[in-house]
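For reference, the structure discussed in these notes is given below.
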Amino acid sequence: QVQLVESGGGFVQPGGSLRLSCTPSGSISGISAMAWYRQAPGKQRELVAGIMRGGRITYADAVKGRFTISKPHAENAVYLQMNNLKPEDTAVYYCTATSRETPYWGQGTQVTVSS
């Protein structure tokens, strides 16, 4: 079992920045990938960014050049730095970790971008 705790969401004006954190606990030795998804009202959950063991990173086209996912070597946590935020980035952001082919999800953190 893996537990995930997210933090860092909030309210920001367009053009602003936020940094999300996701800290895993439990059976973390088996984690092979971690990612951030988001779900806006009335829309399906979508991948935002992911990082795999070994460092391979992927981004959704909508966030390329604005968001950065990172996992420092000395930490278990994964971060999502979000810059130049737009109203369409408003959503609940979820952290997910895959361990031994089983996905685990955090509780989600709200990000609201509005003037």
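The values are calculated or read from the model by the stated rules, or taken from the named source; none is laboratory data. Just so we're clear, the structure is a prediction, and the values are computed from it rather than from any experiment. Positions of Cβ are backbone-derived with ideal geometry, glycine not excepted, and every protein chain shown enters the neighbour counts. Each accessible area value is taken on the protein alone, full model and side chains, heavy atoms only, with ligands, DNA and RNA left out. Shrake-Rupley method; radii C 1.70, N 1.55, O 1.52, S 1.80 Å.
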*How many residues are over 19 Å from VAL63 (Cβ atoms), hydrophobic (A, V, I, L, M, F, W, C) and crowded, with 16+ Cβ neighbours inside 10 Å when one looks only at the stretch 1-23?*
2
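Could you list, in sequence order, all residues of the stretch 40-93 that are outside any loop (DSSP other than H, G, I, E, B) and of a type in the set (Asp, Glu)? Give the steps one after another, and end with the answer.
Taking the stretch 40-93 as the starting set, the residues that turn out to be outside any loop (DSSP other than H, G, I, E, B) are 46-52, 57-59, 61-63, 67-70, 78-82, 87-89, 91-93.
Answer for the stretch 40-93, where residues must be outside any loop (DSSP other than H, G, I, E, B) and of a type in the set (Asp, Glu): GLU46, ASP61, GLU88, ASP89.
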*Return only the number of the condition from (1) more than 10 Å from the chain's Cα centre (by Cα); (2) part of a strand (DSSP E or B); (3) more than 25 Å from SER115 (Cβ to Cβ) that TYR37 does not satisfy.*
(1)
*Do we find a residue being crowded, with 18+ Cβ neighbours inside 10 Å, over 27 Å from SER29 (Cα atoms) and over 15 Å from the mean Cα position of the chain (by Cα) anywhere in the stretch 74-95?*
no
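Kindly provide the set of residues from the stretch 74-100 that are free of Cβ contacts under 8 Å to residues at least 24 places away in the same chain and within 14 Å of MET34 (Cβ to Cβ), ordered by number. Give the steps one after another, and end with the answer.
At the first step, the residues of the stretch 74-100 found to be free of Cβ contacts under 8 Å to residues at least 24 places away in the same chain are 74-75.
Result: GLU75, single match.
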*Could you check SER99 against (1) open to solvent by less than 40 Å² (accessible area, probe 1.4 Å); (2) out of contact with any helix residue (DSSP H, G or I) (no Cβ under 6 Å at 6 or more places or on another chain) and say which number it fails?*
(2)
